[in-house]
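Notes follow once the structure below has been shown.
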Amino acid sequence: MSPRDLFGAALRGLSANKLRSLLTVLGVSIGVGAVIVLVAVGNGSGKAVQSRLEAMGTNLLTVSTTGGGGGFARGQAGPSAQQYALTLDDVAALADRRLAPDVASVAPVMTSSGTATNGDTSYTINQVIGTTPAYLPATNTPVGTGQSFTQQDVDSAERVIVLGQTTATELFGRAQTAVGQTVKLGAVDFVVRGVLASKDSTGFNDPNATAIVPISTLRATQAGYGALSQIVVQAADKDRVDLAQAEVTQLLTARHQVPATTTSPFRITNSAQILQTSQDTAATFTALLATVAAISLVVGGIGVTNIMLVTVTERTREIGIRKALGARRRTILGQFLIEATLLSLIGGAVGVAAALIMTQFQLAGVTPVLVPSSIALALGVSAAVGLFFGSMPAHRAAGLRPIDALRHE
Amino acid sequence: MSADALIDIRGVTKTYGAGETAVHALRGVSLRVEAGEYVAVMGSSGSGKSTLMNILGCLDVPTRGEYFLDGSNVAGLSEDQQALVRGRKIGFIFQSFNLIPRTTALANVELPLTYAHLRRAERRTRANRALELVGLSDRADHRPNQLSGGQQQRVAIARALATGPRILLADEPTGNLDVHSTDEVLGMFDELNAEGRTVVVITHENDVAARARRLIQVADGRIVLDEVTR
Ligand SMILES: Nc1ncnc2c1ncn2[C@@H]1O[C@H](COP(=O)(O)OP(=O)(O)OP(=O)(O)O)[C@@H](O)[C@H]1O
Ligand SMILES: [Mg+2]
């Protein structure tokens, strides 16, 4: 029997029971579609997290003090809380190229919160940041309209402010109109120098609900002369983040005379590490989704076996007739194997098509990103599923003795 | 009798099941049929006629005894070779027609030709010729459920003839047919035998048996009568 004849016989077999074939195809296509879509969703969410983190700057180190160190609990007042507090002198030391050659720039961070008013309009800014101009490039925070304040503004504690998008729109309606206007923060008037470009959210807080002022001004008008909340350090290069981290640790340990026996009171978060961690998490997530999808593919495969078993049982007499007319074992085997493979391949093709359509849309807030290999894999697996799951019923059919098949009721 | 009869079975027994419940369908049958003979097999229900026929057609294997078909021992043939024998040397006609459902008369007739690896065009011609022979050219595109019993049996005969087999085995071919259709089918057997084909037909009807030239009576798994009638 030529392949064309076998193919024709298989197609006729399938079309004899259209609804049943259709449902089986549906089972396989759901499996294949699920694999492609879920892998794309996993991949897409991974990519999204990655691009957000990259937007934050990948060569960024954030230094904060845990206030702890040997014996003293976090937040507890004591000599070590004073001893380990981060200061502007630390910032100056870290900015010294000779002491920390792999550090590109350093910015101090003090935060406070406060209510800003513009005439009758008021808005509670949950994060007012006092810093130096170096903060903006280091944290990848570009100014959208207007401009940043300068080092001169910091030196002379000018009352100037750069607003986040949300803050600006809340206070002035449109962000563009804010520049040059005056905002009251607490009891003090600030002149708006610029408005930051809008930032994507990386967490639950709106990163646009901020305001940035010179650190000297913040200290003089709002927060007093306490410790810094953070020091933001930009490494000179993506590949030198680890070196920079080591230098920062060493410098701070030396400057604050941390005893060798205590755990470091400084916490340094490395954005590259966070990126790595979240990429690992995304990979795990994708693998999990793929596993779930693979299970549904297997279930689809079992559907193929089931239908082929029913088909073989139903057509046992026909198999007997075919054998009586001279059909060989491998002809019967081929016919049923092709039927099973066709079922799962058609299912695979439908699944791929459905997946291609579905991945055009946002799913659960994630923009799916197709993984081409998942399409090839899903199609390959669906063909294999047909062969594997179809072979048992097909062998059963082919192995029947003609007389037993003919006598089948 | 020539040394190599077309069909030659020796001491064939067939037992279904084992022990207490064993059924001895054939209890030692020896039979030679020469090429070109026309044999009728009669016997009461359950005497073993169909069992014998299935063994002759290589659809079943004997429990004991030997079967030489056209000089070669069937037991020594591989599964594929047996399939080949069924396809090329033997044409079957069953009481229940056994056409493949949902498949046109023409496709049914083409089937054994497909298994004999004939090319598409050749198959078409031969199948059409076979249908013409049984007078059903105008029903080539009909499915079995669109044909009368007599027409279905004629399609089955066309299918059995298509490969030009030397032996025609028919198990109660007219069992489901009326007098008129029976006459048509028997007329066809006469013609086929006249062409030189060997015909073995199982029947319960005397006037069917009367068309044959040799009558074999089976009773309780044994041949009890074997005579030339014409
Ligand atoms: N597959 C089987 N398993 C067990 N016993 C069987 C089987 N096939 C046939 N038999 C038994 O073998 C005996 C002969 O059966 P067979 O079909 O050859 O009879 P038959 O002569 O063709 O009868 P009929 O004229 O009714 O068709 C019967 O007793 C039957 O019950
Ligand atoms: Mg019978």
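On the given criteria, is B:Gly135 over 15 Å from the mean Cα position of the chain (by Cα) and buried (at least 16 other Cβ atoms within 10 Å of the Cβ)?
On the way: over 15 Å from the mean Cα position of the chain (by Cα): yes; buried (at least 16 other Cβ atoms within 10 Å of the Cβ): no.
No; evaluated as a whole, the condition is false for this residue.
Among what's in the range A:275-289 and is surrounded by fewer than 19 Cβ atoms within 10 Å (Cβ to Cβ) and of a type outside the set (S, T, N, Q), pick the residue that is farthest from the other protein chains (Cβ to nearest Cβ).
Keep residues of the range A:275-289 that are surrounded by fewer than 19 Cβ atoms within 10 Å (Cβ to Cβ), which gives A:275-281, A:283-285, A:287-288.
Narrowing the set further to residues that are of a type outside the set (S, T, N, Q) leaves A:275, A:280, A:283, A:285, A:287-288.
Numbers: A:Leu275: 62, A:Asp280: 57, A:Ala283: 51, A:Phe285: 49, A:Ala287: 46, A:Leu288: 46 Å.
In this case the residue turns out to be A:Leu275.
Considering only the range B:191-222, state which residues are within 13 Å of the chain's Cα centre (by Cα) and either open to solvent by less than 10 Å² (accessible area, probe 1.4 Å) or within 16 Å of ligand 2 (Cβ to nearest atom) (or both).
B:Leu192, B:Thr198, B:Val199, B:Val200, B:Val201, B:Ile202, B:Thr203
Can you find a residue in the range B:116-126 that is assigned to a helix (DSSP H, G or I) and either open to solvent by less than 60 Å² (accessible area, probe 1.4 Å) or touching a Gly at 6+ places or on another chain (Cβ under 9 Å) (or both)?
Of all residues in the range B:116-126, those assigned to a helix (DSSP H, G or I) come to B:120-126.
From what is left, the residues that are either open to solvent by less than 60 Å² (accessible area, probe 1.4 Å) or touching a Gly at 6+ places or on another chain (Cβ under 9 Å) (or both) are B:123, B:126.
The answer is yes; a qualifying residue exists.
Looking only at residues that are away from ligand 2 (no atom under 16 Å from the Cβ) and either in a loop (DSSP other than H, G, I, E, B) or open to solvent by 70 Å² or more (accessible area, probe 1.4 Å) (or both) in the range B:25-56, which one is farthest from B:Glu195 (Cα to Cα)?
Narrowing the range B:25-56 to residues away from ligand 2 (no atom under 16 Å from the Cβ): B:27-28, B:30-38.
Among the residues that remain, those that are also either in a loop (DSSP other than H, G, I, E, B) or open to solvent by 70 Å² or more (accessible area, probe 1.4 Å) (or both) are: B:27, B:30, B:34-37.
Details: B:Arg27: 34, B:Ser30: 27, B:Glu34: 15, B:Ala35: 11, B:Gly36: 8, B:Glu37: 11 Å.
Among those residues, the one meeting the criterion is B:Arg27.
Among B:Gln81, B:Gln146, which is the only one that is without any contact (Cβ under 8 Å) to a residue 24 or more places away in the chain, open to solvent by 60 Å² or more (accessible area, probe 1.4 Å) and either within 12 Å of chain A (Cβ to nearest Cβ) or among the aliphatic types (A, V, I, L, M) (or both)? Steps first, answer last, please.
Values: B:Gln146 fails: either within 12 Å of chain A (Cβ to nearest Cβ) or among the aliphatic types (A, V, I, L, M) (or both).
From the options B:Gln81, B:Gln146, the qualifying one is B:Gln81.
Go over the candidates A:Ile346, A:Ile357 one by one and state the one that is open to solvent by 60 Å² or more (accessible area, probe 1.4 Å), among the aliphatic types (A, V, I, L, M), closer than 15 Å to A:Ser21 by Cα and away from chain B (no Cβ under 14 Å).
Values: A:Ile357 fails: closer than 15 Å to A:Ser21 by Cα.
Exactly one of A:Ile346, A:Ile357 is open to solvent by 60 Å² or more (accessible area, probe 1.4 Å), among the aliphatic types (A, V, I, L, M), closer than 15 Å to A:Ser21 by Cα and away from chain B (no Cβ under 14 Å), namely A:Ile346.
Looking at A:Leu53, A:Leu6, A:Leu14, which is the one that is open to solvent by less than 50 Å² (accessible area, probe 1.4 Å), touching a Leu at 6+ places or on another chain (Cβ under 8 Å), part of a helix (DSSP H, G or I) and within 14 Å of chain B (Cβ to nearest Cβ)?
Details: A:Leu53 fails: within 14 Å of chain B (Cβ to nearest Cβ); A:Leu6 fails: touching a Leu at 6+ places or on another chain (Cβ under 8 Å).
Residue meeting the stated conditions: A:Leu14.
Tell me which residues, restricted to the range A:315-334, are open to solvent by less than 10 Å² (accessible area, probe 1.4 Å), in a helix (DSSP H, G or I) and within 9 Å of chain B (Cβ to nearest Cβ).
Of everything in the range A:315-334, those that are open to solvent by less than 10 Å² (accessible area, probe 1.4 Å), in a helix (DSSP H, G or I) and within 9 Å of chain B (Cβ to nearest Cβ) turn out to be A:Gly320, A:Ile321, A:Lys323, A:Ala324.
If you take the residues in the range B:161-198 that are within 14 Å of chain A (Cβ to nearest Cβ), away from ligand 1 (no atom under 16 Å from the Cβ) and outside any loop (DSSP other than H, G, I, E, B), which one is modelled with the lowest pLDDT?
Top of the filtered list is B:Leu161.
What number goes with the only condition from (1) touching a residue at least 12 places away in the same chain (Cβ under 8 Å); (2) more than 14 Å from chain B (Cβ to nearest Cβ); (3) part of a helix (DSSP H, G or I) that A:Pro368 does not pass?
For A:Pro368, the failing item is (3).
Any residue in the range B:102-121 that is within 9 Å of another protein chain (Cβ to nearest Cβ) sitting within a Cβ distance under 7 Å of a residue that is surrounded by fewer than 18 Cβ atoms within 10 Å (Cβ to Cβ)? List the pairs, counting only those 6 or more apart or interchain.
B:Arg102/A:Ala16; B:Arg102/B:Arg143; B:Thr103/B:Arg143; B:Ala116/B:Arg88
Being within 23 Å of A:Pro3 (Cβ to Cβ), more than 14 Å from chain B (Cβ to nearest Cβ) and not acidic (Asp, Glu) narrows it down to one of A:Val258, A:Val312, A:Val292, so name that one.
Numbers: A:Val258 fails: within 23 Å of A:Pro3 (Cβ to Cβ); A:Val292 fails: within 23 Å of A:Pro3 (Cβ to Cβ).
Of the residues listed, the single one that is within 23 Å of A:Pro3 (Cβ to Cβ), more than 14 Å from chain B (Cβ to nearest Cβ) and not acidic (Asp, Glu) is A:Val312.
The values are calculated or read from the model by the stated rules, or taken from the named source; none is laboratory data. What you see is a predicted model, and the numbers here were worked out from it, not measured in a lab. Neighbour counts run over all protein chains shown; Cβ positions are idealised from the backbone, glycine included. Keep in mind that these areas ignore ligands, DNA and RNA; they rest on the heavy atoms of the full protein, side chains included. Shrake-Rupley method; radii C 1.70, N 1.55, O 1.52, S 1.80 Å.
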